[in-house]
Amino acid sequence: MVDVIEVPLSPLELSERWRSMCIDPTFEDVPGKIELTQWGEILMSPVGKAHGLLAVALSVLLMRKLGGKAMVEVGILTAAGIRAPDVAWCSDAFLSEHPEDAPLSAAPELCIEIASPGNAMPKLREKASAYLAAGATEAWIVVPSARSLEIHRPEGKVDRSAFGIQPAEVFE
């Protein structure tokens, strides 16, 4: 019998649940990303071709311009649960400081959400805030349909990225 969850799961409980999902064959071929809320609820988001192509293009752009490494849909422990940005960029120093595999205990320097049809912008902004609170320098929300980019930093929404990437480069 499973007890009803009365309080959000601890970081340790969330991490253990995430790791068990990562090795569970039930989730092996899920065509999309999976996240856990702070209550342990599973969130699944299907990913389409255009979304996947943009995630790869952003990863290549970031590594070409900034060096470091880009990851797609990597689990990050946040106050909102374990969230998986569509793209995360990190420096080699971040990788050295965070040897854990799943989930990451802190957010990489840059976390990017790509809006899909049906996404709610307030929810994407909540995720951006969660990445920043978990240590990200910036969190971006890319809206392909509007060819727009929201850049968030701990001090709020800004017009320019500290990483030197111009918004137009995102859609080239």
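The values are calculated or read from the model by the stated rules, or taken from the named source; none is laboratory data. Everything numeric in this text was worked out from a predicted model, so none of it was measured. Virtual Cβ from ideal backbone geometry, glycine too; neighbours counted across all protein chains shown.
General remarks:
- Residues considered: Asp101, Asp92. Of these, the only one that is at pLDDT below 90 and farther than 21 Å from Val143 by Cα is Asp101.
- Entirely in region 2-89, the strands (runs of 3 or more DSSP E) that have 1 or more residues that are surrounded by 13 or more Cβ atoms within 10 Å (Cβ to Cβ) and at pLDDT 90 or above: 69-71, 76-78, 81-83
- Residue in region 93-123 that is nearest to Ser145 (Cα to Cα), counting only those that are part of a strand (DSSP E or B) and in contact (Cβ under 8 Å) with a residue 40 or more places away in the chain: Ile114
For every residue, the table says whether it meets (1) of a type in the set (Asp, Glu); (2) modelled with pLDDT under 95; (3) touching a Leu at 6+ places or on another chain (Cβ under 9 Å).
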position: Met121; (1), (2), (3): no, yes, no
position: Leu132; (1), (2), (3): no, no, no
position: Ser148; (1), (2), (3): no, yes, no
position: Ile165; (1), (2), (3): no, yes, yes
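- Region 130-172, residues that are of a type in the set (Gly, Ala, Ser) and either in a loop (DSSP other than H, G, I, E, B) or crowded, with 17+ Cβ neighbours inside 10 Å (or both): Ala130, Ala134, Gly135, Ala136, Ala139, Ser161, Ala162, Gly164
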